[in-house]
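Enquirer: Sharing a structure below in structure tokens format, with a few things to ask.
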Amino acid sequence: MTQRDTRAAVDAVFRIESARITAAAARIVRDVGIAEELAQDALVAALEQWPSAGVPDNPGAWLTAAAKHRAIDLVRRREVYARKLAEVGRSLEDVAAPEEPAGPEDIDDDLLRLIFTACHPVLSAPARIALTLRLLGGLTTPEIARAFLVPEATVAQRIVRAKRTLAKAGVPFEVPYGEDRARRLSSVLEVVYLVFNEGYSATAGDDLLRPQLCEDALRLARQLAALMPGEPEVHGLAALLEFQASRTRARTGPDGRPVLLAEQNRARWDGLLIRRGFDALQRAGTGAYAVQAAIAACHAKARRYEDTDWATIAELYGRLLVLTPSPVVALNRAVAVSMAHGPAVALELVDALAAEPALRSYHLLPSVRGDLLARLGRTAEARAEFERAAELTRNARERELLRERAAGLG
């Protein structure tokens, strides 16, 4: 294996496993900022050793072990060694989980510990989400900025300040209990939602999908639903992610190219996940995630694209816009309105969003506008919009599709 191949293998494994590596180290050092540095140290060690020794059979476990060993060495060097030794268990080498209240609500999952720690109330809501996306999803600062529709510098500052704040406050690395858990739930749900979305439609890179992120988010949503069966919005989020995940296999072709919803082979939609989605939806309430899940359910019920109940979807988006006012939700509502009531009506809605600062560099705004113009027969304008959308997106697959759509208009 060449140096370049090894580097590619290391980067790929670290991208997938970084959250678990960081979480495993954080359980020992009790500091997410230091834990992330230790994970990076393990990455450097892999880059130094794997070219000569070869990529191990289980590279994720190798990286995790390397980070743990560095964490143990760090704890041993601290003046408060005795106290830290008690916190990490009887044996540092075994890295036992810290003691927590035992019972039906107890969870032994480092990733959940990582999420709840990053979502501590000592941080602002934007900082909680940005930090958790960084730690859990391994997303870069530009990717997080795209998810938030804010400048990269803003996200970078949030992450740095969040780590410092957590360290200064001495926030414990744990899943909270009682009222503290309830207070932190909304931001945790939002983080899981954003992590799934990054996996479902990557903001950057060569691939449309990042399946590992989807799987992690879905697993966490299911665990949260099991942990909090009386929380309707937890079930709403779980239902939404089940429905969305059911379409994953149909969203790309054999070559990885995106397949539009209208052209997807619905026989490839996962029936088991759809059934799980409907089950979770029955326990959901009337919150924002439940409404989004109901929208996804409308798509899941339609055997063909032509059978989609767009009028109901448009109505649901209107309800969602009241619950969570957002230009992105308004743009999605315009798409549904175009299908239910025609492109001319929807174009007025989209044009009204053109001045929104948050959508200024959002590639889906010109993409939607291009689709509406094409349906109205205004092909030259539509082509220009698709070309503009292609310039704005940072995902290579989306860029190819948008350029193809522009070329298809002459």
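Readers should treat all values here as calculations from the given coordinates under stated rules, not as data from a laboratory. Not measured: the values here are computed from a predicted model. Positions of Cβ are backbone-derived with ideal geometry, glycine not excepted, and every protein chain shown enters the neighbour counts.
Enquirer: Work out, step by step, the length gained on full extension between ARG164 and TRP310: first 0.36 nm times the residue separation, then minus their alpha carbon distance; give nm to one decimal.
Expert: Details: separation 146, 0.36 × 146 = 52.56 nm, distance 4.72 nm.
Result: 47.8 nm gained on full extension.
Enquirer: Hey, rough spin-label estimate for ASP11 and ARG319, points 7 angstrom out along Cα→Cβ, what's it come to in nanometres?
Expert: Distance between label points: 4.5 nm.
Enquirer: Quick check on packing: order 18-24, 335-341 by the mean number of other C-beta atoms within 10 Å, highest mean leading.
Expert: Per-residue Cβ counts within 10 Å, averaged per peptide and sorted highest first, yield 18-24, 335-341.
Enquirer: Mind putting a number on the dipole of the chain about its Cα centre? Charges go on the C-beta only, +1 for Lys and Arg and -1 for Asp and Glu, and I need it in Debye to the nearest 20. Please report the intermediate quantities before stating the final value.
Expert: Details: 54 positive and 54 negative charges, 80 e Å.
Its charge dipole is roughly 380 debye.
Enquirer: From the helices alone, meaning DSSP H stretches of at least four residues, give me the mean residue ellipticity at 222 nm for the chain, per-run term -39500 (n - 2.57), in deg cm²/dmol to the nearest 500. Please report the intermediate quantities before stating the final value.
Expert: Numbers: 19 runs with 282 residues, N = 410.
Theoretical 222 nm ellipticity from helices: -22500 deg cm²/dmol.
Enquirer: Let me ask you something else. If I build a Gaussian network model for the chain, linking alpha-carbon pairs within less than 10 angstrom, which residue out of ALA145, ALA297, ALA61 has the largest mean-square fluctuation?
Expert: Evaluated over the chain, the most mobile residue of the options is ALA61.
Enquirer: Obtain the nm distance between the two label points defined at ASP73 and ALA354 by a simple spin-label model: each point lies 7 Å from its Cα along the Cα-to-C-beta direction.
Expert: 5.9
Enquirer: Find which of GLY54, ALA42, ALA25 sits farthest along the positive direction of the dipole of region 18-63, computed with +1 on the beta-carbon of Lys and Arg, -1 on that of Asp and Glu, about the Cα centre.
Expert: Ranked along the dipole, the leading option is ALA25.
Enquirer: Let me check against my output: what whole-number percent is the relative contact order of the chain, with C-alpha pairs under 8 Å and at least 6 apart? Working shown, then result.
Expert: Details: 580 pairs, mean separation 43.4, N = 410.
Rounded, it is 11 percent for the chain.
Enquirer: Right, another one. So how far apart, in nm, are the two label points at THR154 and VAL345 if each is 7 Å from Cα heading toward Cβ?
Expert: The modelled label-to-label distance comes out at 3.3 nm.
Enquirer: Assuming R0 = 45 Å, what is the FRET efficiency of ALA65 and LEU376, from their Cβ-Cβ distance, to the nearest 0.05? Mind showing how you got there, number by number?
Expert: Details: r = 59 Å, r/R0 = 1.32.
Given R0 = 45 Å and the Cβ-Cβ separation, E is 0.15.
Enquirer: Same structure, new question: Report the relative contact order of region 297-410, percent, no decimals, based on alpha-carbon pairs under 8 angstrom and at least 6 residues apart.
Expert: On the way: 133 pairs, mean separation 18.5, N = 114.
Relative contact order for region 297-410 comes out at 16 percent.
Enquirer: For the charge dipole of the chain, defined by +1 on Lys and Arg C-beta atoms and -1 on Asp and Glu C-beta atoms about the Cα centroid, which residue among VAL175, CYS119, ALA407 has the Cα displaced farthest towards the positive pole?
Expert: About the Cα centre, the residue reaching furthest to the positive side is ALA407.
Enquirer: Follow-up. If you take every residue apart from SER326 with its C-beta less than 12 Å away from the C-beta of SER326, what net charge results, scoring Lys and Arg +1 and Asp and Glu -1? Can you show the working numbers first?
Expert: Numbers: positive: ARG333; negative: GLU356.
In short, 0.
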